[in-house]
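Every number in this text was worked out from the coordinates using simple rules, so none of it is lab data. Keep in mind that this is a model prediction, so the values were computed, not measured. Reconstructed Cβ throughout: ideal geometry from the backbone, glycine too, with neighbour counts over all protein chains shown.
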Amino acid sequence: MEFLRAASVDEALAAARDGAAFVAGGTNLVPDVLFGRKKISRAVDISRLDELRYIEEADGKIRIGALATVTDLLDSDLIRTAASPLHESALEFAGPLVRNRASVAGNLMDASPAADLAPPLLAQDAIVELVSVEGERALPLSEFFLDYRKTAVRPEELVTAIVIDPLGAEDRCAYYKLQLRRAMAIAVVGVAVVLRMNRGVCAEAVIGLGAVAAIPYRAHAAEAHLRGKEIGEVEIESAAAAAADSAQPIDDVRASASYRRKMCGVLVRRMLRKAMGMPQTVAV
Amino acid sequence: MSTRVVGRPHPIIDAVEKVSGATVFINDLELPGALTGMALRSPHPHARILNLDTMDAERLPGVAVVLSKNNTPDAPFGINHKDEAAFCREKVRYVGDEVAAVAAVDEETAREALSLIRVEYEVLPTVADPFAAQEPDAPLVHDSVAGNIANEFHIKRGGIDEAFHAADATFADEFHTHLAHQAYIEPTGCAAQWHPDGKISVWGCLQSVFLIRTFMLGPVMGMSADDFRVTQTKPGGAFGGKLDVKAALMAAMLSRAAEKPVKFMMSLEEDLIAMRPRMPVHISLESAWKRDGTLAGKRVRIVAENGAYSSLSPAIMSSIALRTDNLYKTPAAEIQGKLVYTNIIPSGQMRGFGNVQATYAWESHLDNVADGLGLDPADLRLKNYTEKGDVSLHGWKIASCAVADATRHVVREMDWKAKRARGGEGRGVGLASCIHVSGNKGFSVELGPDDTDPSSGVVRVDEEGKVEIWSGESDLGQGATSVMAYIASEVMGIPVDRFKVPPTDTGYMPFGMGAFASRITLIGGNAVKIAAEDARRNLLDAAAEFMEIPADELEIVEGDVRAKALPERKMTVGEVVSRTGSVIEGNGKWLAGGDVLDKEKYGNPSTTYSFSTHGAEVEVDMETGVVTVLQVCCGHDPGRVINRLGAEGQVEGGVVQGMSFAMMEGLAPLEGHLRGRNFHDYLIATSMDAPPIEHDFFESMDPYGPYGAKGLAEVAINPITAAICNAVYHATGGARIRTLPVSPERVLEAIEEARNQNTS
Amino acid sequence: MNTYEINMRVNEKDETLDVQGDETLLRALRRIGYVEVKLSCEGGDCGACAILLDGVAVNACLMFAAQADGSEVTTVRGIGTEDDLHPVQEQLIEKGGVQCGFCTPGVVVSAKALLDENAAPSREDIQRGLAGNLCRCTGYKKIFEAVSAAARQMREGDDS
């Protein structure tokens, strides 16, 4: 394998070609290469491109540089206050040794169905910004994941930033990662909900789900039960049922498909209730 | 008796080198010119080898040697059944089975060589389920073993049928345990160096340097045990898993064939799929009771999953079958056991040696019984516990016992009565107890030099007053050899920091069976204590001459030999040794008590027995099934604590390891393929999972133990699984976990099952 | 074969070595003798290979060695050695936070990194700080006590 350290985004793009892969934190790619799960002819090291490592507020949006690490998310007051589900997912993300290296873009590019950051980013309408020698483009995160471990990113393209809508004072949100141990665990189910409220009415509802289908996705059908409504028991139950219906989980070493589907409903209900400040039906 | 060293907290004696990263583990060992050894492992659970061609691999530049059935003799080995070979011969029997091995100049070349070995397989039907394996038309794992039954026994004792007829109440349950790995952090490895005189040096992270020669290296390689010098490198954890280490055989065979040193390091994945994980068992229990909660009798049926080869599994099955009967006054029992071959990784011993599984089943059952009889689970146990002086139904002689004190401690500290009165709303408490051997005479027949279970020690004092202890008993990181140093320090009056206990080495150390069966503190400790007393005597005799004071008027205090009556008259221990012109030595040997069991498995297998009770408080999320262990509270009877810090470490480590086994672990076989092949699919407890642990020791001052001490490593792990399951049962109002692990999904199923039962 | 010459400063010693493009930092460090960085899972799951990379605690197995070109690496032996132990190491000894010792180099690194950021960590802070370091022997309790005591020791040292 050839190794090349890029000194700039342009240099990185010039080096990208068939069989090449960008490597940043390396937390997924390096073991994939070591164990032969991925064959790459050239690793283009972008880990030193500090211009891609930032978290900032601009034009009413939160811009997260592709190379911001998960630790950077945790350290950011902006994320904690205006993207709290993302903050919480970062808290549950692996352990500190991995968080110190793993980049936000890397977690998305790995395209694991259980990618921890995907549900909260989906729930805040994340837009992924990409660049290649051809130019720049932007893609909603909801269109980013195509299939199991497959993204819409072209081989020569580089993710440069993820842009999300900050949470406003009225907005409600919640996040939960169901896992088999309290750290360093792959999600059994990941749920993030964001409810954009306007005078007690849910103007926009977004539910991001992880580990219950081949890709992380938005539960559109569930969202439809909430959007434009005053959210109460009925809406929440309908949304939870629709979320469970939408799931297409698999059986694996962590859980069965049927358990995941069921939990999808339970957790969406729970997170909606939590977001709305309603008591839980069962003590949590 | 007041002690200076024993019973106090001490750091382990090799802590400094460990915290500074200076310890040389096997993978850190440098052997100049060493080749890299690697194995080709079966990709199939069950297949016939039609053709095996190693020609291309042998021709690859940099490859020194390729070994397989083609160029090694058919020399089956095994502790109980000779059912295993160095390399698969006619068939492969599990995914991971060694088909061939190479030694090459580096890892890359070795890996390439493996890829050039061509094996033509005829894939055979997989026998994965131990019940299906017993069907008449089931494929045979070993063609000569009918019904796939490796071992079978049936014992009736004490008028069991009458006990059941006369009982006021009977209860029945079934329990299933899962395939779980020792999951030490250090992957297993060994190195070997062939010498021109035909002898071979072997290094490795081994639990017993002596036994590996006699049951594996010698017989398979057609050499005498003495032809091998086996030296232990400090294991990075073992927990039973580094007792029968095939890597030693691979390294030695490759080295002999290549006539060069070879290092054979397993990857974590190889370790997980091809070592000897804890045996899964299926346990059916029936018990008979008097209305007041007196145990009248029990029936146990066990189907144990042997996997592809037997190793120590027959003994493990025995242990599962008999052990819990000795914890309670059991008037009658009927026990049936079947050990069944399957096309899954051979199972084996892990901390508890079957007792984790047996205790989980029986102690879970007991809480069902308590529920059925309307008794408090703690009271039910206290009513039936064995006591000092008892001879159990199976002939076990209880020389010391403080299990009731341990249970009362848990009850008190956990605020048991108040918490039991609540429960059922997602929060509950449970407890469980266990008995364990301190050494097991049975091993002496299977593994030992004869039917004794011996240990010996040499204590050598040098001219600087430093003391080195040679013992054949190994430290696995648990601080076993530190215990020896503290015992010797206590005896000799020489400060602890002057002691050194090197890793075991058959080249110069006296014989010891090794680290298993919680035997080291009792058996090794006694041997070293005797050796230390001998060394002390020799020191005083020498000093008596130099100081012209009778030996019985001298004492050793803080490393000085001094006159009892006139403490100013003294020599340092170093000066005494110096003046003799030689080292001063002491020798000791101790033979374990107990019996080799008879054919009906009757007898007293261990000198003495240890006990513990664990209590757990849990919170159960009734909608997701997620269980959080809020606190663990334990009482242990290790006879006497030698090193308080080390003993606490054993308890805390055992509890968390047991909790981890109970709640999240599993190699998760699916049609013969294991799914837990790394540390993110095979989960073990992280720091975030560790619950607060409160515990205390109840010292029964064993009459046979050194300073009253007996084993602790395994009683520290056995009961926690059942304690957690019983707490879940209490918290959920009746969700009984009959199949491990206690995963959220399993708990949820059990909650629903309980709900259905309650409403029907 | 693509090999690259890289320079690192390891435990305050300059090292120049040739690495292959896909060689991990863990393997490269061990190859040039830093075997105190332990090799186990090679997947970032166990933390036995933790090092400080330019002061930040990371798994050495999750990087290509070439990515560390120009970096400063600190292993457990850069934090403290037999004659000059770091408070974390001293307290791991005193409190019994070490048994087999295989995870210990990584634990020391993570604990040092934690205390560099947080001089008075709570039990939960310590649990979180060590979440990437698996220990199979101790049950973690004594490690928590050791890190807590080390924090105290370091604060008291600062006061004096």
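For the pair B:E30 and B:R8, label points projected 7 Å from Cα toward Cβ lie 4.0 nm apart. Computed per residue of chain A from DSSP H runs no shorter than four, each worth -39500 (n - 2.57), the mean residue ellipticity at 222 nm is -8000 deg cm²/dmol. Sorting B:L67, C:L134, B:L380, A:L146 from the fewest to the most surrounding beta carbons within 10 angstrom yields A:L146, B:L380, B:L67, C:L134.
Site pair B:R48 and B:T628 shows an inter-label distance of 5.8 nm when each label is modelled 7 Å from Cα along Cα→Cβ.
Shielding of peptide B:113-120 by partners, expressed as the average count of other chain Cβ atoms within 10 Å per residue Cβ, is 0. Highest mean packing comes first when the peptides B:252-262, B:721-731 are listed by Cβ atoms within 10 Å, giving B:721-731, B:252-262. Panel order for C:V147, B:V65, by other beta carbons found within 10 Å of each beta carbon, from fewest to most: B:V65, C:V147.
For B:A47, the amide hydrogen comes within under 5 Å of the amide hydrogens of B:V92, B:L124, counting only partners 5 or more places away or on other chains and with H modelled in the peptide plane.
Work out the P(r) tail for the range A:136-229: percent of alpha carbon pairs separated by more than 24 Å, whole number. When all Cα pairs of the range A:136-229 are counted, 35 percent exceed 24 Å. With only the Cα atoms considered, the range B:237-311 has a convex hull volume of 142 Å³ per residue. Computed from the C-beta positions of B:D226 and B:V145, the FRET efficiency with R₀ = 35 Å rounds to 0.55. Charged side chains reduced to their Cβ positions (Lys and Arg at +1, Asp and Glu at -1) give chain A a dipole of some 1100 debye around its Cα centre.
For the pair B:A563 and B:A754 in one chain, pulling the backbone fully straight at 0.36 nm per residue adds 61.4 nm over the alpha carbon distance. In terms of its C-alpha gyration tensor, chain B comes out oblate, because a/c is 1.5 or above while a/b does not outweigh b/c. Computed about its Cα centre, the charge dipole of chain B is approximately 820 debye, with only Lys, Arg, Asp and Glu carrying charge at their Cβ.
Protection proxy ranking of B:476-486, A:88-98, C:115-125, by the mean of other Cβ atoms within 10 Å over each peptide's residues and highest first, is B:476-486, A:88-98, C:115-125. Does a label point 7 Å from the Cα of B:E107, set along Cα-to-beta-carbon, have any residues of the range A:29-73 with amide nitrogen under 14 Å, and which are they? Those under the cut-off are A:31-36.
Relative to the longest principal axis of the Cα atoms of chain A, helix A:257-275 runs at roughly 70 degrees.
Relative contact order for chain B: what percent, with Cα pairs under 8 Å and sequence separation of 6 or more? Once normalised by length, the contact order is 16 percent.
Take the Cβ atoms of B:V391 and A:S132, set R0 to 51 Å, and the FRET efficiency comes out at 0.05. In this structure, the amide hydrogen of B:Y121, modeled 1.01 Å from its nitrogen in the peptide plane, lies closer than 5 angstrom to those of B:L50, counting only residues at least 5 positions away or on a different chain.
Classified by the C-alpha gyration tensor, the range C:58-160 has a prolate form. Its axis ratio a/c, with a ≥ b ≥ c, is 1.5 or above, and a/b is larger than b/c. Taking the average, over residues, of other Cβ atoms within 10 Å as the packing measure, peptides A:152-164, B:197-209 rank B:197-209, A:152-164 from highest down. Residue by residue along C:118-128, Cβ atoms of other protein chains within 10 Å of the local Cβ number 2 on average. Between A:Y148 and B:A421, take the C-beta separation as r, use R0 = 51 Å, and let me know the FRET efficiency to the nearest 0.05. The formula returns an efficiency of 0.50 here. Zone of B:A132 (label point 7 Å along Cα→Cβ, backbone N under 14 Å): which residues in the range B:326-357? Backbone N within reach: B:342-344.
With neighbour counts taken as other beta-carbon atoms within 10 Å, the residues B:V66, B:V303 rank, fewest first, as B:V303, B:V66. In a reduced charge model with +1 at each Lys and Arg Cβ and -1 at each Asp and Glu Cβ, the range A:190-284 shows a dipole moment near 200 debye about its Cα centre. Over chain C, dividing the summed -39,500 (n - 2.57) contributions of all DSSP H runs of at least 4 residues by the number of residues returns a 222 nm mean residue ellipticity of -11000 deg cm²/dmol.
In this structure, the amide hydrogen of B:Q631, modeled 1.01 Å from its nitrogen in the peptide plane, lies closer than 5 angstrom to those of B:E617, counting only residues at least 5 positions away or on a different chain.
In terms of distances greater than 24 angstrom between alpha carbons, the cross-link table entries A:K38/A:K150; B:K82/B:K246; B:K242/C:K112; C:K13/C:K38 yield B:K242/C:K112. A rounded overall shape is assigned to the range A:47-164, the ratio a/c of its alpha-carbon gyration tensor axes (a ≥ b ≥ c) being less than 1.5. Once both labels are positioned 7 Å from their Cα atoms along Cα-to-Cβ, the gap between C:N2 and A:E51 label points is 2.3 nm.
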